[in-house]
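> Got a structure here, written out as structure tokens. Questions coming.
The values are calculated or read from the model by the stated rules, or taken from the named source; none is laboratory data. A quick note: this is a predicted structure, and the numbers were derived from the prediction, not measured. Positions of Cβ are backbone-derived with ideal geometry, glycine not excepted, and every protein chain shown enters the neighbour counts. What goes into the accessible areas is simple: the full protein's heavy atoms, side chains included, and nothing from ligands, DNA or RNA. Shrake-Rupley method; radii C 1.70, N 1.55, O 1.52, S 1.80 Å.
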Amino acid sequence: MSDSSFIDINPREVILDPAMQGRDTNLIRDKNTRRAQELKQESQSKEILDDLHNGVGIKQPITVFEVSGKKLVIDGFHRISASLEYMDKAKCDDFRVKARLVRNRTYTEAFLAAQEVNQGHGVGVTKDEVNQSKFRSLVIAGKYDYSVSELTKLIGCSRGQANHVMRALRACAEAIQGKLEDYSSLDSFTRQLQKKLENRYTEAAKSSTWDARGFPKIRRLSDIVSGKSYTPKDMDNEEYRHYLIEEAYAKIDSLIESVGEDNFREALRKTARGSTLGISITRRDKWLEQAGTLESDEAPDNWDGVSIPESSYDAF
């Protein structure tokens, strides 16, 4: 670009706008893969910081876009974060890093450039992160009218995934008018988009619908629009864990109602004894003494003396 040049810049003069960070490990559905990605990022930051303390400077120039007089980091989040930490610990105020400064750019241009640059270098991003990053770019630019075939080539995904992207894009187009440049800020744009989608689709109000940048997740929005239920197989590890806990809670609550608190406690005490649950249940006599009742000993009026009261949940 003719309006770009290489300069030496103080890391404290640039802005680390979270919206410019294309990586979002929360999009990674598998817990182990997500943690591995987080460890890679932590390792990269530590290596950069160690190099700085050993007298080795930042090897690769960062990229900075000047937007309305503000210098936004487009490429080099980890390098700048490590540099700032180094400056604080080493009491070094005149530290400089090499930067490619691109002048006279809009916020939209900066955002689109940041999404693009984060898709294929440094700590490798996952396919889920790349797809979501490209989706954000299309929404920001107001480009909603691609066909499935066009999206397959543009995003580099299967036709099935492209169909989800197309459905999500069209939902966004119907919910919000214009593109980022028509709004005062990215925050106002995403808040308006979220408000409009939630007004159209009740399910969109769930926090699991939105990514860390305030954009709807492709698959979640696609499923909501098509009326597909959010099933366990669509959830990431943490969501699925909470789903199982809520399911177990409902079943246990029903079982207690069915067999009574006293009998449930005794069954749970036998289950916990010798297990790896890490819980202990007080002896029945002590519990009954504290409760001040022996009513749970009484059999139901209609009990035949043989059958066991049934719970509405077969799992128990």
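> Send over a whole-number figure in Å² for the accessible area per residue of the range 98-188, probe 1.4 Å.
On the way: 4060 Å² over 91 residues.
It amounts to 45 Å² per residue over the range 98-188.
> Roughly what would the spin-label model give for Arg170 and Lys46, points 7 Å off Cα along C-beta, in nm?
Here the answer is 4.8 nm between the modelled labels.
> Let me spell out the model: positive unit charges on the Cβ of Lys and Arg, negative unit charges on the Cβ of Asp and Glu, origin at the Cα centre of the range 87-199. What dipole size does that give, in debye rounded to 20? Before the final figure, lay out the partial values.
Numbers: 19 positive and 14 negative charges, 43 e Å.
Charge dipole of the range 87-199: 200 debye, to the nearest 20.
> Still on this structure, I have one more. Report in % the part of the accessible area of the range 61-141 that belongs to carbon and sulfur, leaving out ligands and nucleic acids; probe 1.4 Å.
Numbers: 1540 of 3210 Å².
Carbon and sulfur together cover 48 percent of it.
> Looking only at the range 1-107, where both bridge partners belong to it, what percent of the DSSP beta bridges are antiparallel (to the nearest 5)? List each step's numbers first, then the result.
On the way: 11 of 16 bridges.
Counting only bridges with both partners in the range 1-107, antiparallel ones make up about 70 percent.
> With no solvent and one point per C-alpha, what does the Debye sum give as log10 I(q)/I(0) for the range 12-86 at q = 0.16, 0.17, 0.21 Å⁻¹?
Debye output, listed in q order: -0.67, -0.74, -0.99.
> Expressed as a whole percentage, what fraction of the accessible surface of the range 144-191 belongs to carbon and sulfur atoms when a 1.4 Å probe is rolled over the protein heavy atoms?
Numbers: 1150 of 2520 Å².
Its accessible area is 45 percent carbon and sulfur atoms.
> Tally Lys and Arg at +1 and Asp and Glu at -1 over the other residues with C-beta under 10 Å from the C-beta of Ile48: what net charge comes out?
Details: positive: Lys46, Lys59, Arg79; negative: Glu47, Asp50, Asp51, Glu85.
It works out to a net charge of -1.
> Here are some pairs, Lys59/Lys89; Lys46/Lys195; Lys206/Lys270; Lys31/Lys59; which of them have Cα atoms lying more than 29 Å apart in this structure?
On the way: Lys59/Lys89 20 Å; Lys46/Lys195 39 Å; Lys206/Lys270 39 Å; Lys31/Lys59 32 Å.
Those over the limit are Lys46/Lys195; Lys206/Lys270; Lys31/Lys59.
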